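**Q** One structure coming up, written as C-alpha cells, with questions to follow.
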Amino acid sequence: MKRQKETIGAIVEINVYDEYYCYAQILALGNLAFFDYRTKEHLEDFSILSNCNILFILCVYYDVITQGHWLKVGKLPLREELQILPMKFIYHGSSKVQFELYNTNTGEITPSTKEECRGLERCAVWDKHHVEDRLRDHYNGVPCIWLKEEYEFFKD
C-alpha cells in the first residue's frame with residue numbers, strides 16, 4: 001500500500017470486488033463525494049466525472065486514504081455544490097429527542113424531526129469495505145445491508 005495525504009479535490013479510485021472501478025472526490029473534514037460512474041478499465045480522463053451525478057457523500061475513516069487503500073489517481077476542482085458539506089442526521093433510539101440535525105461544516109447539532117431528516121445521510125464514519133458494499137449493492141439494484149436501520153426509519 002502507498003502512503004498518501006488526504007488532499008481536497010483529489011480523485012480516488014475504488015476497486016469494487018475486482019469487478020469494476022468507481023471514483024470519489026475528497027472533500028473537507030474526511031468526507032468524500034462518490035460519483036455515479038463505474039468502469040471496467042482505469043479511468044484516464046477525469047473530466048468525465050465533472051458531469052456525473054453524486055450518489056452520496058460520506059465521511060470515511062482517515063486511513064482508507066492515508067494508508068492507500070483507495071489510491072489518489074487525479075484531481076479536479078470542487079464543484080460549487082460540493083464546497084459546503086450537506087447536513088446529516090443523528091438518531092437516538094432511547095432518547096426523548098430521537099432525531100437531530102448535524103451540520104458537518106460547523107459541528108452544530110440541533111433537535112429535529114424525522115421528516116426533516118428524510119433524505120439525509122446518517123452521521124457516521126464509514127470503513128472501506130462498507131462503502132464498497134454500498135457501491136456494489138447500488139449497481140446491483142439491491143438494498144444495502146449497512147442501511148437497514150435507515151430503511152426502517154423512513155419506510156413510511
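What follows draws every value from the coordinates through simple rules; no lab data is involved. Owing to the predicted nature of the structure, the values given are computational and were not obtained by experimental measurement. Methodologically, a virtual Cβ is constructed for each residue, glycine included, from the backbone with ideal geometry; neighbour enumeration extends over all protein chains shown.
**Q** Less than 9 Å Cβ to Cβ from Ile90, Lys/Arg counted +1 and Asp/Glu -1: what total charge do the surrounding residues give?
**A** +1
**Q** What number, rounded to the nearest 500 deg cm²/dmol, is the helix-based mean residue ellipticity at 222 nm of the chain, given -39500 (n - 2.57) per DSSP H run of at least four residues and division by all its residues?
**A** Calculated at 222 nm, the ellipticity per residue is -4500 deg cm²/dmol.
**Q** Another one. Pop a pseudo-label 7 angstrom from the Cα along the beta-carbon direction at both Glu108 and Leu71 and give the gap in nm to one decimal.
**A** Each label point is offset 7 Å from its Cα along the Cβ direction, giving 4.2 nm.
**Q** Another one. Obtain the nm distance between the two label points defined at Tyr20 and Glu80 by a simple spin-label model: each point lies 7 Å from its Cα along the Cα-to-C-beta direction.
**A** 3.0 nm
**Q** While we're on this one: Say each of Tyr62 and Asp127 gets a label point 7 Å from the Cα, pointing the same way as Cα to Cβ; how far apart are those two points in nm?
**A** For the pair Tyr62/Asp127, the computed spacing is 1.8 nm.
**Q** Mind pulling up the Rg/Rh value for the chain? Radius of gyration and Kirkwood radius, both on Cα.
**A** Across the chain, the Cα-based Rg/Rh ratio is 0.97.
**Q** Roughly speaking, what is the stretch gain from Gln4 to Val142, that is 0.36 nm per residue apart minus the C-alpha to C-alpha distance, in nm to one decimal?
**A** 46.4 nm
**Q** Could you please state, rounded to a whole Å, how far the C-alpha centre of region 77-92 is from the C-alpha centre of region 25-73?
**A** If we compute the Cα centre of each part, the gap is 15 Å.
**Q** If you don't mind, there's one more thing I want to ask. Between Ser50 and His92, what length comes free when the chain is fully extended (0.36 nm per residue of separation minus the Cα-Cα distance, one decimal in nm)?
**A** 11.4 nm
**Q** May I pose another question? Hey, could you get me the Stokes-Einstein D for region 1-83, Kirkwood radius over alpha-carbon pairs, 25 °C and 0.890 mPa s, rounded to whole µm² s⁻¹?
**A** For these conditions, the coefficient is 193 µm²/s.
**Q** Build a GNM of the chain with springs between Cα atoms under 10 Å: which of Asp18, Asp137, Asp63 gets the top mean-square fluctuation?
**A** In this elastic network of the chain, the residue with the biggest mean-square fluctuation among Asp18, Asp137, Asp63 is Asp18.
**Q** So, by mean Cβ neighbours within 10 angstrom, what's the order for 110-122, 28-40 with the highest one leading?
**A** Result, highest mean Cβ count within 10 Å first: 28-40, 110-122.
**Q** How many percent of DSSP beta bridges within the chain run antiparallel, rounded to 5?
**A** Close to 90 percent.
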